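K.L.:
Sharing a structure below in structure tokens format, with a few things to ask.
The values are calculated or read from the model by the stated rules, or taken from the named source; none is laboratory data. The shown structure was predicted, so the numbers you read here are calculated from the model rather than taken from an experiment. Virtual Cβ from ideal backbone geometry, glycine too; neighbours counted across all protein chains shown.
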Amino acid sequence: MVSNAMDRPRFNARRQRRIARGRQRIMSAAATLFAQTGFANTTTKEIAHRADMAEGTLYNYFDNKRGILLAVAKEAETPMIAALQDPQALEDRDAMVSMFEKAMDISESQLPFARTRFSEASVDDVILQESFMVRLRKIHQLLEEHIAGRIAAGVFRPIDAALGARMVMSVFGGLIVPALRGAAPLPSPEERHSLAETVVDLLLDGIRLRDS
């Protein structure tokens, strides 16, 4: 029991941390299982076993398996969103290279979450709309704003900023989707830097040989 009113905030804080740890254990276990066998083929009993808790305890944290899936889908923040939070994301070539590097920076620990969200979005309309499309729209909005700002500043030539944002997203998707699908390993830091430099050069200069 809480001895007095002064102890109550500390008690509540400890309780919230304990709940957060429990949810994280369940979500980590579920993300790994979903990535390995798919959402439909994974049971709450298997998730609880991997999380080292009783199945009944799992329901103290989540109402059902879909609730776990939605929590997993929301856990894996899209790296490009974080990279685009920087107001100088497209300020110059070096900033663009840095943005793409950060956007490709998915750690091994994040990979089960990212792969689960990606794979389940392709077969589950709820995940597609509530998680995947929300993030894609946010990325597009941020990119469009950055590109429009560079056009206004006279750095980029006048183009359709919305279309430019879609092109950047398509290029990024081509780089990272193979790893999310498990068809290719995650790029190393050195590979990420090389890929980012190549992509930025292509976006800024194109591929046509120009007169000196």
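K.L.:
Please tell me if D205 is out of contact with any strand residue (DSSP E or B) (no Cβ under 6 Å at 6 or more places or on another chain), farther than 30 Å from A30 by Cα and among the charged types (D, E, K, R).
P.N.:
yes
K.L.:
Separate question: Identify the single condition in (1) surrounded by 13 or more Cβ atoms within 10 Å (Cβ to Cβ); (2) at pLDDT below 90; (3) farther than 27 Å from F113 by Cβ that G173 does not satisfy, given that it satisfies every other one.
P.N.:
(3)
K.L.:
On the given criteria, is F100 among the aromatic types (F, W, Y), at pLDDT below 80 and assigned to a helix (DSSP H, G or I)?
P.N.:
Against the criterion (among the aromatic types (F, W, Y), at pLDDT below 80 and assigned to a helix (DSSP H, G or I)), F100 does not qualify.
K.L.:
Tell me the residue from R181, R157, R135 that is crowded, with 17+ Cβ neighbours inside 10 Å and of a type in the set (K, R), please.
P.N.:
Checking each option against the conditions leaves just R135.
K.L.:
Could you look through region 103-146, keep only residues that are under 13 Å from K74 (Cβ atoms) and among the β-branched types (V, I, T), and pick out the one that is farthest from the chain's Cα centre (by Cα)?
P.N.:
My answer is V126.
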